[in-house]
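The values are calculated or read from the model by the stated rules, or taken from the named source; none is laboratory data. Just so you know, these numbers come straight off a predicted model, no measurement behind them. Glycine also receives a Cβ, built like all others from the backbone with ideal geometry; neighbour counts cover every protein chain displayed. Just the protein is used for accessible areas: all its heavy atoms, side chains included, with ligands, DNA and RNA removed. Shrake-Rupley method; radii C 1.70, N 1.55, O 1.52, S 1.80 Å.
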Amino acid sequence: MNQRPSEEEYSGDFGEYIRLVPEGNIIDILLTQEKQMKELLASLTESQGAYRYAEGKWTLKEVVGHITDVERIMTYRLLRFSRGDQTTLPSFDQELFMPPFGSWTIAQLTEDYRAVRQSSITLLRGLPAEAWSRRGKASNLSITARALAYVCAGHELHHMGIIRNRYLS
């Protein structure tokens, strides 16, 4: 859990997210992120959650919903690959996942995020050592279970930077 994925463990745009993740135990990093996200969401009003910084951009609530849904998808892939499933998994259209979040409350987003993050952490805690390096193919790219755990953390870091710079500045 302390070993970063090597560049041979992933390809494509996944590296953009993996490189954002600091050194350390990935589960500890995910737990720290969970605390920070819960603090952020607790500080928001509903009108702040409905804010979009430009026409055609997602609202802040939609960004949080997106973070959560991508983690769901990445950990589903991680589960399949870590168990040795070699089925090639398809890509997904992130825009198709947006519609519900505009009508959700901050409390609903918080509950959903927390449930998904806790599920991710229990999955990772239960992985045997050999499962971390198992590989599969998703979105026509090869990736290991370890790299997918880092993608979850890095994807959130990427979007938290956008939230700080574009939504809360």
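Before moving on, here are some points about what is shown:
- Output for the range 74-102, where each listed residue is farther than 20 Å from residue 163 by Cβ and in a helix (DSSP H, G or I): 75, 76, 77, 78, 79, 80, 81, 82, 96, 99
- Pairs linking a residue in the range 98-109 that is open to solvent by less than 70 Å² (accessible area, probe 1.4 Å) to a residue that is of a type in the set (Val, Ile, Thr) and assigned to a helix (DSSP H, G or I), with Cβ atoms under 7 Å and 6 or more positions apart or on different chains, are 109/64.
- Residue within the range 131-151 that is of a type outside the set (A, V, I, L, M) and either over 22 Å from residue 7 (Cα atoms) or without any contact (Cβ under 8 Å) to a residue 24 or more places away in the chain (or both) present: no
- For the range 144-169, the set of residues classified as under 15 Å from the mean Cα position of the chain (by Cα) and of a type in the set (A, V, I, L, M, F, W, C) consists of 145, 147, 148, 149, 151, 152, 153, 157, 160, 162, 163, listed by residue number.
- Out of 21, 70, sole residue that is open to solvent by less than 80 Å² (accessible area, probe 1.4 Å), at pLDDT 95 or above, under 20 Å from residue 143 (Cβ atoms) and not in a helix (DSSP H, G or I): 21
- Only a single criterion out of (1) touching a residue at least 12 places away in the same chain (Cβ under 8 Å); (2) assigned to a helix (DSSP H, G or I); (3) open to solvent by 40 Å² or more (accessible area, probe 1.4 Å); (4) more than 27 Å from residue 144 (Cα to Cα) is not satisfied by residue 53, namely (2).
- Of the residues screened, residue 88 is not one that is open to solvent by less than 70 Å² (accessible area, probe 1.4 Å) and not aliphatic (A, V, I, L, M).
- When the criteria are applied in full, residue 94 fails the requirement of being within 18 Å of the chain's Cα centre (by Cα), farther than 25 Å from residue 18 by Cα and open to solvent by 50 Å² or more (accessible area, probe 1.4 Å).
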